[in-house]
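The values are calculated or read from the model by the stated rules, or taken from the named source; none is laboratory data. Quick caveat: nothing in here was measured; it's all calculated off a predicted structure. Please note: Cβ atoms are built from the backbone with ideal geometry, for glycine as well, and neighbour counts cover all protein chains shown.
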Amino acid sequence: GAKREGPFFCENCRHLLVPMPPKQLESYLSPRDKKLASVKVVEWNSYYCAWCHPELDNPEFTGTLPPVAGTEEELESEETTFKHPFHLFELEQSRFNFEVCPSCNEKALEQTAVEVLRRATDEQEGEQKIKRRCRMCDRRNVVFRPILKKMKIDD
C-alpha cells in the first residue's frame, strides 16, 4: 500500500513528527488491527513527536503510554478530539476492491473467481457468478450479478 504523505507536525509543540518503527507500533495495535494487517487488508503507519514523547525514541520501548483522557463513549465519539501520543493512519490496500463481509462486518470480502454464465448482447443482460472469501473470518459465498447489455451506437 501507499504511504500517507507528510510532513506531519505535533499538535502540542509543532515539531515535525517522525515515523514509529513497526515493532513499536505493533505493541499498540489491537488484536483486530493486527489481524487486518496480517491478512493484508490494511497497512498501519504511525508518527510521533520525539520532543513530547522521548520515551518513544528508544527502539526497545514497548511499554504503555499515558492513558488518553475521557470515557470510552467520549473516545468513540467523532465530535471529541483528544491529544494522542502518536498519530495512527489506516491505509486500505487499494489494489483490492474489498466489500463489507455480512458475517463479521469487516471490509475484507474479496472476489476470488468470476465466471460468465451468460454473455450480454444488444438485446439482453448477461449474468456472472462471483465467488468471494472474507480475509478476516474466512466466510465464503457466491453471488450472481448482471452484466449490462451492450450499447448500440447508431451512426
Here the residues within region 100-118 that are free of Cβ contacts under 8 Å to residues at least 60 places away in the same chain, part of a strand (DSSP E or B) and within 17 Å of ALA37 (Cα to Cα) are VAL100, LEU109, GLU110
What are the residues in region 134-155 that are part of a loop (DSSP other than H, G, I, E, B) and of a type in the set (A, V, I, L, M), if any? MET136, LEU148, MET151, ILE153
Residues that are in contact with a Gly (Cβ under 9 Å, 6 or more places away or on another chain) and closer than 12 Å to PHE144 by Cα, drawn from region 106-127: VAL116, LEU117, ARG118
Can you tell me which residues in region 37-78 are under 23 Å from LEU16 (Cβ atoms), at pLDDT below 80 and among the aliphatic types (A, V, I, L, M)? LEU56, LEU65, VAL68
Subset tally (residues that are closer than 22 Å to LYS107 by Cβ and of a type in the set (A, V, I, L, M)) for region 128-154: 4
Being farther than 30 Å from SER103 by Cβ and at pLDDT 95 or above is the filter here, so list the residues in region 120-155 that pass it. none
On the basis of being at pLDDT 85 or above, under 27 Å from PHE98 (Cα atoms) and surrounded by fewer than 16 Cβ atoms within 10 Å (Cβ to Cβ), does PRO31 make the cut? yes
Among the residues of region 17-55, write down those that are part of a loop (DSSP other than H, G, I, E, B), of a type outside the set (A, V, I, L, M, F, W, C) and touching a residue at least 12 places away in the same chain (Cβ under 8 Å). PRO21, LYS40, HIS53
Kindly list, by first and then second residue, each pair from a residue in region 139-150 that is more than 14 Å from ALA120 (Cα to Cα) to a residue that is surrounded by 12 or more Cβ atoms within 10 Å (Cβ to Cβ) and of a type in the set (Gly, Ala, Ser), limited to pairs with Cβ atoms under 6 Å and residues at least 6 apart or on different chains. ARG139/SER103
Going by the conditions given, is ASN97 within 23 Å of LYS35 (Cα to Cα), modelled with pLDDT of 60 or more, part of a loop (DSSP other than H, G, I, E, B) and not basic (Lys, Arg)? yes
